[in-house]
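Engineer: Take a look at the following structure, please.
The values are calculated or read from the model by the stated rules, or taken from the named source; none is laboratory data. These numbers were taken from a predicted model, which means no experiment stands behind them. Here the Cβ is made from the backbone with ideal geometry for all residues, glycine too, and neighbour counts use every protein chain on show. Protein only, heavy atoms only, side chains kept; ligands, DNA and RNA dropped before computing areas. Shrake-Rupley method; radii C 1.70, N 1.55, O 1.52, S 1.80 Å.
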Amino acid sequence: MIASSDVDTRAEASLFSDPIPSEMDALCPSPPGPTRPQRDYERIGGRAGTSFCQTLIHLLKGNIGTGLLGLPLAVKNAGLVLGPISLLCMGVVAINCMQVLVKCSHHLSIKMNRPSLTYGEVVQYGMENVSWLRRHSQWGKQTVNVFLIITQLGFCCVYFVFLSDNIKQVVEAANATTFNCHMNHTNQTQVLVPSFDSRLYMLCFLPALILLVFTPDLRYLAPLSLVANLLMSTSLILIYFYSLTNITYPINLPYVGRAKDYPLFFGTAIFAFEGIGVVLPLENKMQRPQSFIPVLYLGMGIVTFLYISLGTIGYMCFGEHIGGSITLNLPNCWMYQAVKLLYSFGIFITFALQFYVPAEILIPPVLARVSQRWEKAVDLLLRAVLVIFTCALAILIPELDLVISLVGSVSSSFLALIFPPILQILTFHTEGLSPLVTVRNIIISVIGFIGFLTGTYIAIAEIVARNGLKREEAFSSYMVQ
């Protein structure tokens, strides 16, 4: 994401207790002052809250990241015509679900006399609207937090794979990197000096990322985050330029992909669109929260355009050779090798922001059980263990495209597609919710659940198949030697 989808402000309450700050709270503390329940529905004081433009920038940052770079492969899996159409439909549905979440939050915060609510709290209070679900409402909040943890740790796994693949490619092509940026015949960066396995690169990044998450206050990373955002924005412009200027004609690509690959498209696309966790923190911090819906429409309209355009243009440029990230297809000239390094630096910094959410949900309950003398040591130990855990998961599945699709299918589908429509039914079922809206919400949730089942199954099947093929190749190579 532009420091991302990449800065995902999905912080929620601790898994079983009170709300905790998000990474948005750490980078941009909320100002004091009245909030939503007030009659005028705006914050008092000229400096209180974020402006329209600031909120728009944060919304873009929270939705544009590594998922964007994987969309050309997603379009390949769906087809040159079906892919963009599906992305447009998914964008419309995702925006609708975000609006539904904001609407439910407004309604329930007034009803509960709360200034603001987290995603988990909205689900909790929505369930309390239904008598037979009321005593289980706490489980709703905990379920949302579990999926937030899975999603954020999944992002961290994706970052490990992204960093290792891109840096490995830069190192292997270093001796032959030139100033000639013409496309080679295979449309891919030429690998001229094979180095060690990408999983060893992940282990090389492990100590640096552990030290990064030891940062006591994310505000210390704010200057680096700003630089990372600028570098990643520049990198995206160069990627667009290269892809647009190197499309070969005629374009002989399938308009519709294979049916068995479509679930992989779904997982990658919903991974990219899973910015719903950024919505409530941003809306809660606006000076004029009633202006958030226009921000949402404008911001997500821009995001959807970027997704469709880069996904389509990238696939048209690199065709069947497109990789799990479009950066892996850039030529081995210094300018585009620099693009990989700059984007990798942005992802490296963003890792700490994504990691903040699961760390602040999981670690405080543990620290509450230890003496103050050992709090710091235990805190650092747990942070290191969580980073090692994400690295281990990435090493087990070192396939960037499949990791993205799996994370999207498993957790993003619930947060972005399944929960919001159900939440609207729970929240407004006693207030004359129209049958048409109810049917629409049920259809969206069912589609999300089908995508979860098929996407997860196909991604896991592909992971098993690729690992089996790699073992066979390694065994054959060993026998030849």
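Engineer: Averaged across orientations, what area in nm² does the convex hull of the alpha carbons in segment 319-374 project?
Structural biologist: Mean projected area for segment 319-374: 6.4 nm², to one decimal.
Engineer: Give the Rg/Rh ratio for segment 112-158, taking Rg as the radius of gyration of the Cα atoms and Rh as the Kirkwood radius, to two decimals.
Structural biologist: Checking Rg against Rh, the ratio lands at 1.11.
Engineer: Karplus couplings for segment 109-119 from phi (6.51 cos²θ - 1.76 cosθ + 1.60, θ = phi - 60°), rounded to Hz, Gly and Pro as x?
Structural biologist: 5, 5, 5, 8, 6, 10, x, 7, 9, 8, 4
Engineer: Of all accessible surface on segment 323-481 at a 1.4 Å probe, what whole percent is carbon and sulfur?
Structural biologist: Answer for segment 323-481 is 73 percent, counting heavy atoms of protein chains only.
Engineer: Rank-order 409-418, 338-347, 153-162 by packing density, defined as the average count of other C-beta atoms within 10 Å over each peptide's residues, highest first.
Structural biologist: Highest mean packing first, the order is 153-162, 409-418, 338-347.
Engineer: Set the bar at 27 Å for Cα to Cα. Now go through K260/K470; K340/K376; K141/K285; K76/K168; K61/K285; K103/K141 and name every pair that lies beyond it.
Structural biologist: K340/K376
Engineer: Residue by residue through segment 410-423, which ³J(HN,Hα) values in whole Hz follow from phi under the Karplus form 6.51 cos²θ - 1.76 cosθ + 1.60 (θ = phi - 60°), with glycine and proline marked x?
Structural biologist: Once θ is set to phi - 60°, the couplings for segment 410-423 become 6, 10, 5, 4, 5, 5, 9, 10, 7, 5, x, x, 5, 4 Hz.
Engineer: Another question, if that's okay. Which whole-Hz ³J(HN,Hα) couplings does segment 147-156 yield from phi under the Karplus relation 6.51 cos²θ - 1.76 cosθ + 1.60, θ = phi - 60°, glycine and proline marked x?
Structural biologist: 5, 4, 5, 4, 5, 5, 5, x, 4, 5
Engineer: State, in angstrom, two size descriptors of segment 188-323 derived from its alpha carbons: Rg to one decimal place and Dmax to the nearest whole number.
Structural biologist: My reading of the Cα-based Rg and Dmax gives 19.7, 56 Å.
Engineer: Which GluC sites (Glu not before Pro) does segment 400-481 hold that lie in a coil by DSSP with at most 15 other beta carbons within 10 Å?
Structural biologist: Here the GluC sites (Glu not before Pro) that fit, given the DSSP loop and packing criteria, are E431.
Engineer: Percentage of Cα-Cα pair distances in segment 235-289 greater than 14 Å, rounded to whole percent?
Structural biologist: Summing the P(r) tail past 14 Å for segment 235-289 gives 76 percent.
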